[in-house]
1. With 21 Å as the limit, write out which pairs from A:LYS196/A:LYS414; A:LYS304/A:LYS355; A:LYS144/A:LYS218; A:LYS188/A:LYS242 have Cα-Cα distances beyond it, or answer none.
2. Under the rule of at least 5 residues apart or a separate chain, name every residue whose amide H is placed under 5 Å from the amide H of A:ALA757.
3. Loop only by DSSP, 10 or fewer other Cβ within 10 Å of the Cβ. Give me the GluC sites (Glu not before Pro) in region A:698-805 that pass, ordered by residue number.
4. Using Cα pairs closer than 8 Å and at least 6 residues apart in sequence, work out the relative contact order for chain A, in percent.
5. Counting only DSSP beta bridges with both residues in chain A, what percent are antiparallel, rounded to the nearest 5?
6. Among A:352-363, A:51-62, how do they line up by average Cβ neighbours within 10 Å per residue, starting with the highest?
7. Principal axis lengths of chain A from Cα atoms, whole Å, largest first?
8. Taking a cut-off of 24 Å, what percent of all Cα-Cα pairs in region A:594-739 are separated by more than that?
Amino acid sequence: MASREYNHSEIEKKWQDIWEKEGAFRATPDKSKPKYYTLIEFPYPSGEGLHVGHPRSNTALDIIARKRRMEGYNVLYPIGYDAFGLPTENYAIKNKIHPRIVTETNIARFRNQLKSLGFSFDWSREVNTTDPEYYKWTQWIFLKLYEHGLAYKAEIPINWCTSCKIGLANEEVVGGVCERCGGEVVRKIKSQWMLKITEYAQRLLDDLDKVDYLEKIKAQQVNWIGRSEGAEVDFAVVGTEKKIRVFTTRPDTLFGATYMVLSPEHHLIDEERGRIANWEEVSEYRAVAARKSDFERTELTKEKTGVPLKGLSALNPATGKEIPVWISDYVLMSYGTGAIMAVPGHDSRDWEFAKKYGLPIVEVVKGGDVEKEAFVDIQSGVLVNSGLLNGLTVPVAIQTMIDWLEKQGLGTRKVNYKLRDWVFSRQRYWGEPIPMVHCDKCGWVPVPEAELPVVLPDVENYIPNEEGESPLANITEWVNTTCPGCGGPAKRETDTMPNWAGSSWYFLRYCDPDNDKELASMNELRYWMPVDWYNGGMEHTTLHLLYSRFWHKFLYDIGYVPTLEPYMKRTSHGMILAENGEKMSKSRGNVINPDAIVEEVGADSFRVYEMFIGAFDQTIPWSQQGLKGCRRFLERVWRLQDLLVKGEGFSPEFEVSMHKTTKKVTLDYERMKFNTAVAAMMELTNRFHDAGKITRGEFRRLLHLLNPIAPHITEELWEIVGFGKPIYRQSWPAWDEEKTVEDTVEIAVQINGKVRAVVSVSRDASQEEAREAAMAEEAVEKYLEGKRIVKEVYIPQRIYSIAVK
RNA sequence: GCGAGGGUGUCGGAACUGGCAGACGAGCUGGACUUAGGAUCCAGUGCCGCAAGGCGUAGGGGUUCAAAUCCCCUCCCUCGCACCA
């Protein structure tokens, strides 16, 4: 009997319709069941449509979600759109279409593409960050942050494109120039809303212990937070009452501080302008430094530069000696105090600078040759030339010095973080309006909660104005409002929020997406949170994770979420490259379109290939041939229906294989080793074809195991063969550990480390039995002839090893 | 420079807790079927060798009956951070 053709389009459409009609994958309101919350990063609905990276993550957690449902969990696997952002705005500017329309179109396209791939999302909970009903709560969170003193305005430098006359995000500055026009980018001071994430630095660090993130993800978080311990030390400025405060992790080297360096932006420079003899030189240097972008100041600057502040000097509090003060852009205003004590003998940056400008180098830790290079080893060194510290090791000297400084009132113990406060303003149109009003009398006043959302008004033109203000600044009827405080005339904030805002809490909204009273009800959050398993790209494991953890902790502190951390487990998938190993991009013209693949080989083949392509966390090039191999596999599965024989159980020859494969696939899914799970099922399928038959029980099991990856074809075959209610309503199969090993196993016989024979023995054969079997082999006998056995090792089910002389 | 992870056939990759290296897929070679083959099926496919056998997991050394796996040294690659005092 020849079965009908495997018609993927027909089958996939059919099952997608059934799932939709049945609401098969809706999270149920029934809270008596244990819950499981699987989350993928919601996509940015770009104009290019889905790219092959999305399905890699989506399929992986779809497998987990489908499996969990079969394991009896009430599963929440939601989807939404992170739809505010620049590409849409730029597209809108270029094509003169309202970003809202562009967004709607893009979302519709994404939705169709995602649906065509058969993901088991709960489509009834879709969220969209650009929906006023959603961003109302994003604004609400901002108000709460403001209310708790965690949002403030500050004058901080932004990347400013001199030709477009707009502020750019860091990622828009490429190689020091504007990504779009190639124009020069400089730093410009602008007043910006900031969020005090630094206040949470320690907790963000400490609570990493409470979560199960991949090690490298944790490492990135730790790295980014960048905690370092040390001391702040005051240096008196000679002839003034002023002090220069520095942060150092090496207070033990204070005796070796032979000069100081201020950042070019340091306030003391202007304050003591009158004393600076070479003001012209200094101000020229500052101007050059200001013109440099952060990129140039760090990445490109190989050789250090600087100028002395002639007429200013400081006192080293340890030696009492007068030391010169310089300015240089290797000292960053944004870290520590914006000033350093330079210890050229024991810091390679200071050493380089001192060598270039002929500043004195003093050895205070013995062990190297400070004339040749800075000696920075803190393990082996012993303090010298350092008064009370002489003879101490570095760690001891650090503590001794801090104690001394504290006693003398010259300094204090201090912890610093690399983490900076979060610049929260964007001078853009397509983002959440920041719900603040500025009144000349009252200052900044929050928009009352009852007036939320502050809806983004329609504008004619999305281009920022000459001063780099958001396009919203041009809509006077929107900008001009009344002060919620005094009722007088006031102006709305025209900056909008960054992309990171809406994505910092979306997982909460999924728990209760239609709530118009709260961002989500505590009742729902108590049940669903935390997210049990969150997968996404490696590119989001630093900022997005940190920002959303920060917001979550804040919401926890003020009593709106029930958990300290948002995500229990975080994994990341590798990128998929084009066939030639390049990154896929529109400009390179090498983007692989999932639509064409779904059309040609079907969603199931696509999904199988996405999982089979390689190790899940590895970056990997796409292969059209590899995809075809997966289609062939599904065709072989399809044709198994022609080999079907009676028997609801497993045949003796396949029993062990069935249990083994059940175990392997089950565990591999959990470990995200999808490629080997697929391989195991391919192998099994090949063996059924070799055998020319498969029992109904065996076929049933194979379809069941394959279902999470290839849900359409397996449901179809399940129905054709008549296995009863659909797979998605079945329970996940179990295996019998006892039956995962054959009664008779083949073990290798090694002589001096080389395999000389393979013998069959019972799986629990004693050493004697195994030995007997081994010795009976002709080949073994040959290698033992005339030799003396010195050692024999028997590892049941594995090996019989003989060492001879 | 710092942090993390890697280096295995022609390619993507397998290999439990140290136990027969190369599963599975692709490609390639040969064959079958065919008007045809970019379809399907069968066989083969790490390297050297007619064979027996030998050699093989970046390179070198070590531990062990046994090493891709553990230890030491060297080289290379990828990712993240990068003048963070």
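1. The answer is A:LYS144/A:LYS218; A:LYS188/A:LYS242.
2. Correct list: A:VAL749.
3. Answer in residue order: A:GLU785.
4. The normalised contact order for chain A reaches 14 percent.
5. 75 percent
6. Ranked by mean Cβ neighbours within 10 Å, highest first: A:51-62, A:352-363.
7. That works out to 99, 84, 49 Å along the principal axes.
8. That fraction is 29 percent.
The values are calculated or read from the model by the stated rules, or taken from the named source; none is laboratory data. Note that the coordinates shown come from a computational prediction; the quantities given were computed from them, not determined experimentally. So basically every Cβ, Gly included, is an ideal-geometry build from the backbone, and we count neighbours across all protein chains shown. The accessibility values were calculated without ligands, DNA or RNA, using every heavy atom of the protein model including side chains. Shrake-Rupley method; radii C 1.70, N 1.55, O 1.52, S 1.80 Å.
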